[in-house]
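First the structure, in the form of structure tokens, and then the observations on it.
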């Protein structure tokens, strides 16, 4: 043994850090040690003799020198000079360059691939102080579903308010029209063709005396999930129209709750409270029936969710279909669009229930 060099039968290079009392035979391990916080902290508090390294790295350093710093390409025989070098700005910056450190556990890595593999396994350390912060940051399990539910509630509330407003307005208009046109209605009735009027009354009050009430007919409709899906596929107008028309087609003509004598003028007779009545110009009863069918169709949303549980997963195919079907079943996006949809649905229904004049 001579000085700080160990002489064996086969030369062994020892890398030493006297500051941290660290020894290794591996150059790579020594370089990792130089990047540790422990070493840097000790360097900042350095006093006395510092790291002594014996090796043969390829560099421009003097191979005969006692102290080497390959990171900075520096060598010296004086321990005091080497100690000064280790606390120099150049040496500290050289060791901090391209430092890859895990933000979870503060472990340092030499390569980007090394820290990438490490981060896949390393989990954040949750302290008692950070728990409240994390708790506050927790979002709902299905944010998009929660937003959609709130949107549905608001839209349903808006639709309900709109329906109530229409009903109130229609009632007032009906009363005004009834008061102002009682005389005109009487004159118009007397001016009708006697034979035709008789035949219509006979058809409604005798031939169709056992017809079902419109309210009972709507409540008897067996709206299924398939109808809900068809509405999403065909559109709101066609979907709701089909539900009503399919129910009417399955009935005998004399059992139907609604008949139309003039599609162009939209002259409609409705069975209500076991009696036939001519619909007012606003077709209040027919509108109410259409809204009720739309409500029964929208209720199939919950059954559809049960049949498609994957719809609660964001960005899934079922989730996208869930949103599309739901928005279609809600009808128009605006009041004006809702009114257009209502007019189209009523016209579709009237074409289905128009009376064949040859039967009068």
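General remarks:
- Scoring residue 38 on the criteria (1) at pLDDT below 80; (2) farther than 21 Å from residue 81 by Cα; (3) assigned to a helix (DSSP H, G or I) leaves a single failure, condition (1).
- Total residues in region 220-232, condition assigned to a helix (DSSP H, G or I) and either modelled with pLDDT of 90 or more or within 31 Å of the chain's Cα centre (by Cα) (or both): 8
- Enumeration of residues in region 43-93 that are more than 21 Å from residue 21 (Cβ to Cβ), at pLDDT below 70 and not in a loop (DSSP other than H, G, I, E, B): 93
- All positions within region 11-27 that are over 19 Å from residue 82 (Cα atoms) and in contact (Cβ under 8 Å) with a residue 40 or more places away in the chain: 13
- Any hit, region 328-343, residues being in the same structural domain as residue 269 (by TED's automatic domain parsing) and closer than 24 Å to residue 276 by Cβ: yes
- Of all residues in region 234-275, those that are over 18 Å from residue 348 (Cα atoms) and either within 40 Å of the chain's Cα centre (by Cα) or buried (at least 20 other Cβ atoms within 10 Å of the Cβ) (or both) total 1.
- Matching option when the condition is surrounded by fewer than 17 Cβ atoms within 10 Å (Cβ to Cβ) and in contact with a helix residue (DSSP H, G or I) (Cβ under 6 Å, 6 or more places away or on another chain), among 310, 339: 310
- Among the residues here, residue 315 qualifies as in the same structural domain as residue 160 (by TED's automatic domain parsing), farther than 30 Å from residue 257 by Cβ and not in a helix (DSSP H, G or I).
Quick grid of which residues meet (1) in contact (Cβ under 8 Å) with a residue 60 or more places away in the chain; (2) buried (at least 18 other Cβ atoms within 10 Å of the Cβ); (3) in a helix (DSSP H, G or I):
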site	(1), (2), (3)
295	no, no, yes
302	no, no, yes
306	no, no, yes
320	no, no, yes
326	yes, yes, yes
344	yes, no, yes
349	yes, yes, yes
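- Subset of region 257-274 (residues that are in a strand (DSSP E or B) and in contact with a helix residue (DSSP H, G or I) (Cβ under 8 Å, 6 or more places away or on another chain)): 258, 259, 260, 261, 268, 269, 270, 271, 272
- Matching residues in region 281-293 - criterion: being farther than 13 Å from residue 221 by Cβ and buried (at least 16 other Cβ atoms within 10 Å of the Cβ): 282, 283, 284, 285, 286, 287, 288, 291
The values are calculated or read from the model by the stated rules, or taken from the named source; none is laboratory data. The shown structure was predicted, so the numbers you read here are calculated from the model rather than taken from an experiment. Counting neighbours? That spans all protein chains shown, and the Cβs are built from the backbone with ideal geometry, glycine included.
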